[in-house]
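Nothing in this text is a laboratory measurement; each read-out follows from the coordinates by a stated rule. Because the structure is predicted, anything quoted here is derived from the model rather than measured. Note that each Cβ is placed from the backbone with ideal geometry, even for glycine, and that neighbours are counted across all protein chains shown.
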Amino acid sequence: MAQREIQKGENNPRLRKKSKPVEVIDDRIKELVEDMKETLASEEGVGLAAPQVGVLKRVIIVDDGSGVFEIINPVITNPQGSQIGLEGCLSLLPKSGYVDRPKTLTVTGMNLAGEAIQIDAEDFLARIICHETDHLEGILFTDKVIPEDELEEIPDEDEETPEI
């Protein structure tokens, strides 16, 4: 395992390209996931997408506080509701802003064993999954930030901006 360098900057071409699906979960993908987990832990973030470490593959990892897990080839379905919250990004430090995300969603994909997985996510977990999946499409949270003058009210935030 090794820590990988985080790609930085809104105009970084690696962060603006669409990622390709993972066709085979081989040793390279397993190593990528392990390296991403180590990188995420060292950066104290809550999520990381492969493009953020320079790899244009459809792989994300998530740490919502209950443990780190990977989703390979994630597909979001059934987004419902709305939640506005403050987001940041390891690739765009120190920027932050309010983003509207679904309150609930379902995500399907695979784990490292190649098994199909389905997760029904809500609240913070749904936010992390949306943020990371956007990275796979070349979309950054700053593309979706709600200007403060358009917010009806700024939501209460008890914690620091999560680095998703």
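Using only Cα atoms, find the angle between the long axis of helix 123-136 and the longest principal axis of the chain, and express it within 0 to 90 degrees, rounded to the nearest 10. Helix 123-136 sits roughly 60 degrees off the main axis of the chain. Tally Lys/Arg at +1 and Asp/Glu at -1 over every other residue whose Cβ is under 14 Å from the Cβ of residue 121; what's the total? It works out to a net charge of -3. Under 10 Å, Cα contacts only: if you run a Gaussian network model on the chain, which one of 62, 22, 53 comes out with the highest mean-square fluctuation? In this elastic network of the chain, the residue with the biggest mean-square fluctuation among 62, 22, 53 is 22. For the chain, modelled as a GNM whose springs connect Cα atoms under 10 angstrom apart, the maximal fluctuation among 143, 123, 100 occurs at 143.
Given R0 = 30 Å, the distance between the Cβ atoms of residue 34 and residue 103 translates into a calculated FRET efficiency of 0.40.
How charged is the neighbourhood of residue 27? Take every other residue with its Cβ under 13 Å from the Cβ of residue 27, and add Lys/Arg as +1 and Asp/Glu as -1.
On the way: positive: 28, 30; negative: 26, 31, 34, 35.
After counting each charged neighbour, the total is -2.
Length gained on full extension, residue 124 to residue 143: 4.9 nm, using 0.36 nm per residue less the C-alpha separation. Per-residue Karplus couplings for region 37-52, computed as 6.51 cos²θ - 1.76 cosθ + 1.60 with θ equal to phi - 60°, are listed in order as 4, 5, 5, 4, 4, 6, 8, 6, x, 10, x, 7, 10, 3, x, 5 Hz, Gly and Pro entered as x.
Each of the peptides 63-73, 42-52 was scored by the mean count of other Cβ atoms within 10 Å over its residues; in descending order, highest first, they stand as 42-52, 63-73.
Given R₀ = 22 Å, FRET efficiency for residue 111-residue 78 by Cβ-Cβ distance, to 0.05? Efficiency, rounded to the nearest 0.05: 0.60.
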